[in-house]
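Report on the following structure.
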Amino acid sequence: MKAEYINPFLESARIVIEQVANIRPSTGQLGIKDVKFVENFIWIQIGMTGEMQGDVVFGLHEVVALKMVSAMMGGYVVTEMDDMSKSAISELGNMISGNASTMLYNQGVRVDITPPKLLHSANAAGFIPKKALTIPLIMDGIGELDIQVLIV
């Protein structure tokens, strides 16, 4: 696993979050960890095909997801993960991954992304824990968005 795999996703996440939520996130510590889905988290899984095979998973606590959706909606307070909230948070993952795939393409890496898959329950996820390159984005007043890259 190469650290440069995560850089386009990190840069894209910063740009997209700043555009849609008017927040400039800071970067946490890069590391490798076991990805395990836990309860009370929202997981946005995007598949990667082409020259990079695997998944990118964005994880955030449900409270953080609600704050992010509220920020995306111009400050309108969102209190539950209804269909509109789930759609908005899925689209956030889609925008980040789409921008990252364009950055990768411009670097000569041909990739395609799958539509986002929103996982709201660890049990329903059916995801096998594995190692991922991970980095948190810290958003003042909102919380952390964990970017996890699982590329083979």
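The values are calculated or read from the model by the stated rules, or taken from the named source; none is laboratory data. All values derive from a computational prediction rather than experimental measurement. Ideal geometry is used to build each Cβ from the backbone, glycine not excepted, and the neighbour counts take in all protein chains shown. Surface areas here come from the heavy atoms of the whole protein model, side chains and all, with no ligands, DNA or RNA. Shrake-Rupley method; radii C 1.70, N 1.55, O 1.52, S 1.80 Å.
For this structure, a couple of remarks:
- Scanning the stretch 14-23 for residues that are over 17 Å from residue 134 (Cβ atoms), open to solvent by 20 Å² or more (accessible area, probe 1.4 Å) and touching a residue at least 40 places away in the same chain (Cβ under 8 Å) turns up 15, 20, 22, 23.
- The condition (being open to solvent by 50 Å² or more (accessible area, probe 1.4 Å) and either modelled with pLDDT of 90 or more or in a helix (DSSP H, G or I) (or both)) is satisfied by just one residue among 56, 64, 69, 77: 77.
- Test for residue 152: is it of a type in the set (Val, Ile, Thr), farther than 19 Å from residue 63 by Cα and at pLDDT 90 or above: no
- Residues that are open to solvent by 70 Å² or more (accessible area, probe 1.4 Å) and over 16 Å from residue 81 (Cβ atoms), drawn from the stretch 26-53: 29, 30, 32, 33, 34, 36, 51, 53
- Pairs with Cβ under 6 Å, 6+ apart, first in the stretch 139-152 and open to solvent by 20 Å² or more (accessible area, probe 1.4 Å), second not polar (S, T, N, Q): 143/64; 144/136; 144/138; 146/59; 146/136; 152/54
- For first residues located in the stretch 81-101 and touching a residue at least 60 places away in the same chain (Cβ under 8 Å) and open to solvent by less than 20 Å² (accessible area, probe 1.4 Å), partners that are small (Gly, Ala, Ser) and in a helix (DSSP H, G or I) and lie 6+ apart or on another chain with Cβ distances below 6 Å form the pairs 96/12; 96/13; 100/12.
- Once the stretch 110-138 is narrowed to residues that are in a loop (DSSP other than H, G, I, E, B) and modelled with pLDDT under 90, the residue that is nearest to residue 15 (Cα to Cα) is 120.
- Count of the stretch 30-41 residues which are in contact with a Ser or Thr (Cβ under 9 Å, 6 or more places away or on another chain) and either over 11 Å from residue 146 (Cβ atoms) or small (Gly, Ala, Ser) (or both): 5
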